[in-house]
Amino acid sequence: MKYYIGIDGGGTKTEFLLSDENNRILSRTLRGSASYMQIGEDGLITLLEDGIESLVKPLQTEAEAEFYTCFGMPLYGEHRDRDRKIIKTMDEKLGQYRIKAVNDVEAGWAGSLKMEPGINIVAGTGSIAFGKNQSGESGKAGGWSEFFSDEGSCYWLGRKAMECFSKEADGRFRKGALYEIMKEKFQLENDYDLIGILEQDYIPYRDRVASLQICLKDAAMEGDMEAVRLYEHAAYELMLIVKSVHEKLKMGKGCKVSYSGGLFRTEDLILKPFARFLKPLDVTLVPPKQTPAEGALLLAKYYENR
């Protein structure tokens, strides 16, 4: 019997899926961040060992069972030496699971478009796009360092939420809902107390900064126009990332564009301006067909004999 494991690694959470050769989902589990920048290389291997064991152990599979795995790995392809080291360790410690590592955006593409030609934009903790054209050529854009890029992501918007609060607090912007939401969230007696809280408990942790996007979303829903404008800005940045892939791959008119990642849980706040900015490209915006973890399962089968 053959089994397939799909792993969607993210900066905040990681989903593991196990299926049999008949495409039946047998088990799933969730773990935390799979970014080695956050948890270290040893922490990443431990995460994989723990997640895979929790899928496989209850099965009591036969000794001759074969496993094929695709791991959508954050940061894959950005640091070649570290990639090689991590893959070597995966092969040594988890070789029986035949793990094929790809950038997590490829798993997003595979799931959202079910491996069909088109482009997928991921906007979660970070932001990146990946596409394949009719000829099977692939390309990506975005996915640079959080220090100077990740435009349109939850992390980027989390940083913008901090900036927007500071401007509303000292009068550079008109005070809106974000000011009150963040004052209540952090129980601020003095606005400047936020500096110490953020520097100690948020700024060192990428996922916590990304979580501040929720404050921005709540503010935008309450009509804070500065918050609304930031979602417009994020949508424009995401369009630019898609446009880059679209042009690199000469996708042409009618190209399907789909999406994945936590930012899209804000629904119309991001999707409406995103669709508007995409119009000049003459592409077709479509909802995702499957999750990135399900996409990783598709890729596990695809890479089985490659």
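Computed values, structure above
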item	result
Residue list for segment 236-261, filter: open to solvent by 60 Å² or more (accessible area, probe 1.4 Å) and either touching a residue at least 40 places away in the same chain (Cβ under 8 Å) or out of contact with any Asp or Glu (no Cβ under 6 Å at 6 or more places or on another chain) (or both)	Tyr236, Leu240, Lys243, Glu247, Lys248, Lys250, Lys256
From the options Tyr303, Tyr202, residue that is modelled with pLDDT under 95 and either open to solvent by 60 Å² or more (accessible area, probe 1.4 Å) or at negative phi (or both)	Tyr303
Hits in segment 41-58 (condition: at pLDDT below 95, open to solvent by 60 Å² or more (accessible area, probe 1.4 Å) and not acidic (Asp, Glu))	Lys57, Pro58
Test: residue in segment 87-96 that is in a helix (DSSP H, G or I), touching a residue at least 40 places away in the same chain (Cβ under 8 Å), open to solvent by 20 Å² or more (accessible area, probe 1.4 Å) and touching a helix residue (DSSP H, G or I) at 6+ places or on another chain (Cβ under 8 Å)	yes
Meets criteria (over 17 Å from Ala300 (Cα atoms), free of Cβ contacts under 8 Å to residues at least 12 places away in the same chain and open to solvent by 40 Å² or more (accessible area, probe 1.4 Å)) for Gln38	no
Top-ranked residue in segment 262-300 [being open to solvent by 10 Å² or more (accessible area, probe 1.4 Å) and of a type in the set (Phe, Trp, Tyr); ranked as nearest to Tyr4 (Cα to Cα)]	Phe264
Index of the failed condition, Leu30 passing every other in (1) part of a loop (DSSP other than H, G, I, E, B); (2) touching a Ser or Thr at 6+ places or on another chain (Cβ under 8 Å); (3) open to solvent by 70 Å² or more (accessible area, probe 1.4 Å); (4) not aromatic (Phe, Trp, Tyr)	(1)
Residue list for segment 99-125, filter: assigned to a strand (DSSP E or B), open to solvent by 10 Å² or more (accessible area, probe 1.4 Å), of a type in the set (Val, Ile, Thr) and closer than 29 Å to Ile214 by Cα	Val122
Filter result for Gly77 (touching a residue at least 12 places away in the same chain (Cβ under 8 Å) and part of a loop (DSSP other than H, G, I, E, B))	yes
Filter result for Arg174 (open to solvent by 20 Å² or more (accessible area, probe 1.4 Å), modelled with pLDDT under 95, of a type outside the set (Val, Ile, Thr) and part of a helix (DSSP H, G or I))	no
Qualifying residue in segment 148-161 (condition: assigned to a helix (DSSP H, G or I), of a type in the set (A, V, I, L, M), at pLDDT 95 or above and within 30 Å of Ile197 (Cα to Cα))	yes
Residue satisfying condition, being of a type in the set (Asp, Glu) and surrounded by 23 or more Cβ atoms within 10 Å (Cβ to Cβ), within set Glu168, Glu137	Glu168
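Residue-wise test of (1) modelled with pLDDT of 95 or more; (2) in a helix (DSSP H, G or I).
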residue	(1), (2)
Val245	yes, yes
Gly252	no, no
Ser258	yes, no
Phe264	yes, yes
Phe274	yes, yes
Lys279	yes, yes
Lys289	yes, no
Leu299	yes, yes
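The values are calculated or read from the model by the stated rules, or taken from the named source; none is laboratory data. Here the structure is a predicted model, which means the values were calculated and not measured. Cβ sites come from the backbone with ideal geometry, for glycine too, and all protein chains shown count toward neighbours. For accessibility, only protein heavy atoms count, side chains too; no ligands or nucleic acids. Shrake-Rupley method; radii C 1.70, N 1.55, O 1.52, S 1.80 Å.
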